[in-house]
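The values are calculated or read from the model by the stated rules, or taken from the named source; none is laboratory data. The structure displayed is predicted, hence computed values, not measured ones. Cβ placement follows ideal geometry from the backbone for every residue including glycine, while neighbour counts extend to all protein chains displayed. All accessible areas refer to the heavy atoms of the entire protein, side chains included, with ligands and DNA or RNA removed. Shrake-Rupley method; radii C 1.70, N 1.55, O 1.52, S 1.80 Å.
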Amino acid sequence: MSADVEAILKRLRTVLDPANAPGASRPTRGDGDLNDMPTPSPRKLKPAAVLALLVKRESGLTVLFTRRADHLQAHAGQVSFPGGRQMAGRETLAECALRETEEEVGLKPEQITLLGRWETYETGTGYAVTPFVGVIEPGFELSPDPGEVAEVFETPFDFLMDPDNHKLEEREFAGMLRRFYAMPHKGRYIWGATAGMLRALSIRYAQGRPLETVRSARESR
């Protein structure tokens, strides 16, 4: 594996929060950030978790995405990380991200090494989503759930971390003009909450852990 890949993984281990940190944090980023809405909002949010899974390819690290099945009622056809709603009281957020990944694409938790997590993100649909970073060696076999997943694909990590590829776009939803990030790549359209979380990861990757998360980690020891 190239030295660049190992250097990126080392950097991620440094800037991410521990994967096993207890509980869900209040969102500090969200869909409302670009639309003059407070994050976190006053409403009660449903806890969820997703996994940004890095694949160690010879050409460099890639990020695994799913495209949601077209027949789904919510977010049909959209690009997303594997993930979903936490089973409260029955699993940690990290376990939720790994369980959902296995259910959606067939990868078992023991195949994946978690590196950490970054800022919890509030979606417009009322979820507090905690994103995790994991890494997997190549050679795995996927078994996507056809009831949920139309396609699984990979996008270069370097492309996603480059701010020049983060396009600020706008669209009308329910009669209101909304702004959001998008990261189009080779015919795939990564946008919305997924792009928002990637934007937050790119800032953390470049700048390091926010001071408040470093302080919180020290206080929890």
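GLU154 passes all but one of (1) more than 15 Å from THR66 (Cα to Cα); (2) open to solvent by 50 Å² or more (accessible area, probe 1.4 Å); (3) not in a loop (DSSP other than H, G, I, E, B); which number fails? The single condition GLU154 does not satisfy is (1). In segment 113-127, the qualifying residues are those that are part of a strand (DSSP E or B) and open to solvent by 30 Å² or more (accessible area, probe 1.4 Å), and the one that is farthest from PRO27 (Cα to Cα) is THR113. Annotation note: of ARG179, ARG218, ARG171, the sole residue that is at pLDDT below 95, open to solvent by 70 Å² or more (accessible area, probe 1.4 Å), among the basic types (Lys, Arg) and part of a helix (DSSP H, G or I) is ARG218.
When segment 128-142 is limited to residues that are under 24 Å from ALA19 (Cβ atoms) and in a loop (DSSP other than H, G, I, E, B), the one that is farthest from the chain's Cα centre (by Cα) turns out to be GLY139.
Could you list, in sequence order, all residues of segment 1-27 that are within 20 Å of PRO131 (Cα to Cα) and either open to solvent by 80 Å² or more (accessible area, probe 1.4 Å) or not in a loop (DSSP other than H, G, I, E, B) (or both)?
ILE8, LEU9, LYS10, ARG11, LEU12, ARG13, THR14, VAL15, ASP17, ASN20, PRO22, ARG26
Of all residues in segment 67-88, one or more are exposed (fewer than 14 other Cβ atoms within 10 Å of the Cβ), in contact (Cβ under 8 Å) with a residue 24 or more places away in the chain and basic (Lys, Arg). For segment 133-173, a tally of residues being among the β-branched types (Val, Ile, Thr) and out of contact with any helix residue (DSSP H, G or I) (no Cβ under 7 Å at 6 or more places or on another chain) returns 1.
Can PRO146 be described as in a loop (DSSP other than H, G, I, E, B) and either open to solvent by less than 30 Å² (accessible area, probe 1.4 Å) or at negative phi (or both)? Considered against the rule, which asks whether it is in a loop (DSSP other than H, G, I, E, B) and either open to solvent by less than 30 Å² (accessible area, probe 1.4 Å) or at negative phi (or both), PRO146 comes out as yes.
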